[in-house]
Amino acid sequence: MPVSPGIQIIDQTGRQIEIIAPPLRVVSLVPSLTELLCALGLEDLLVGVTRFCTAPAHIRKDKKIVGGTKKVHTNRIFELKPDLILCNKEENTPEMVADLSRICPVHVSDIITLDHLFLLLEQYGTIFRIPDRTAALKKDIQEVRTQHSEAFKARKPRAAYFIWKDPWMLAGGGTFINTMLAEGGFVNIAGNTLRYPMMEDILPDNTEPPELVFLSSEPFPFQEKHKDEVREFFPESKVVLVDGSYFSWYGARLTSAYPYMAALRKRLGLDKRHKKTGL
């Protein structure tokens, strides 16, 4: 069987890699990318995923678990004989990427804005030879975004988005979460900082408390019991538990992220067309 010619790709961190296209054995070390590949009809190509890859729900039963996002079992990945490994600049470490590059090409994504996501879709269309599928997903995302964009502009409350406690940390600027907060019509009080600042670092610039405090379900699994703790810092704010995947998972999740944010805004009484309801 003839070997397919390699294609040169510059990934989203500027690394040039040569990939035999289309890859036939793929390891995904990023939950949102695992979901994305499955949504693109490429589930059969996946041979390894992380223990955090929870979508689709059956994926961890059907594929080899190779570790987490920060630490993997390199020997397990080697035994799977992949021809492509998918990583992400934020989810995975540079040391991991360097180590795994000795096994096969590693494509690293870096998603902060929607344009970054659309570029990734374009690259995946080339790598997996499915340009029609990736273009269709891009169109679906753009359409659902357009359907909700005007309503989200009606009122833009200031919000704090917590991702961790001990220490208390928020999502700041230069993150996909910050992008999605803006997409949903929320003004991130930590948006002028970079990455994930600690709470004490943003308080001096926020003498006015945020109207909303979001406690994300990931990476720290905030629960009802944590609401009272955060109210010690922002006693006048409305504290809400949110599904973090709709703010941080790029890819196929975005087609349901906009409806999720619309429902959240309705529940919070931000849509003038609906009567304000309790939480």
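A few notes on this one:
- Against the test of being farther than 22 Å from Thr13 by Cβ, among the basic types (Lys, Arg), assigned to a loop (DSSP other than H, G, I, E, B) and outside the structural domain of Phe176 (by TED's automatic domain parsing), the options Arg51, Arg76 yield a single qualifying residue, Arg51.
- Test result for Ala135, in a helix (DSSP H, G or I) and either touching a residue at least 40 places away in the same chain (Cβ under 8 Å) or over 13 Å from Phe247 (Cβ atoms) (or both): yes
- In region 9-30, the qualifying residues are those that are farther than 20 Å from Pro94 by Cα and at pLDDT 95 or above, and the one that is surrounded by the most Cβ atoms within 10 Å (Cβ to Cβ) is Pro23.
- Boolean, Arg158 is in the same structural domain as Glu236 (by TED's automatic domain parsing), more than 30 Å from Val47 (Cα to Cα) and surrounded by fewer than 18 Cβ atoms within 10 Å (Cβ to Cβ): yes
- Candidate set: region 169-184, residues that are crowded, with 18+ Cβ neighbours inside 10 Å and of a type in the set (A, V, I, L, M, F, W, C); chosen: the one farthest from the chain's Cα centre (by Cα): Met169
- Summed over region 232-268, residues that are part of a loop (DSSP other than H, G, I, E, B), more than 23 Å from Ala39 (Cα to Cα) and either polar (S, T, N, Q) or touching a helix residue (DSSP H, G or I) at 6+ places or on another chain (Cβ under 8 Å) (or both) total 2.
- Unique residue being surrounded by 14 or more Cβ atoms within 10 Å (Cβ to Cβ), at pLDDT 95 or above and part of a helix (DSSP H, G or I) when the list is Leu86, Leu33: Leu33
- Residues being within 30 Å of Phe222 (Cα to Cα) and in contact with a helix residue (DSSP H, G or I) (Cβ under 9 Å, 6 or more places away or on another chain) - total across region 122-155: 9
- For region 138-163, the tally of residues that are free of Cβ contacts under 8 Å to residues at least 60 places away in the same chain and either closer than 16 Å to Glu35 by Cβ or not hydroxyl-bearing (Ser, Thr, Tyr) (or both) stands at 9.
- Subset of region 36-48 [exposed (fewer than 15 other Cβ atoms within 10 Å of the Cβ) and part of a loop (DSSP other than H, G, I, E, B)]: Gly41
- Test: residue in region 192-214 that is of a type in the set (D, E, K, R), without any contact (Cβ under 8 Å) to a residue 60 or more places away in the chain and buried (at least 16 other Cβ atoms within 10 Å of the Cβ): yes
- Some residue of region 69-79 being crowded, with 16+ Cβ neighbours inside 10 Å and in contact (Cβ under 8 Å) with a residue 60 or more places away in the chain: no
The values are calculated or read from the model by the stated rules, or taken from the named source; none is laboratory data. As the structure is a computational prediction, the values presented were derived from the model and not from experiment. Please note: Cβ atoms are built from the backbone with ideal geometry, for glycine as well, and neighbour counts cover all protein chains shown.
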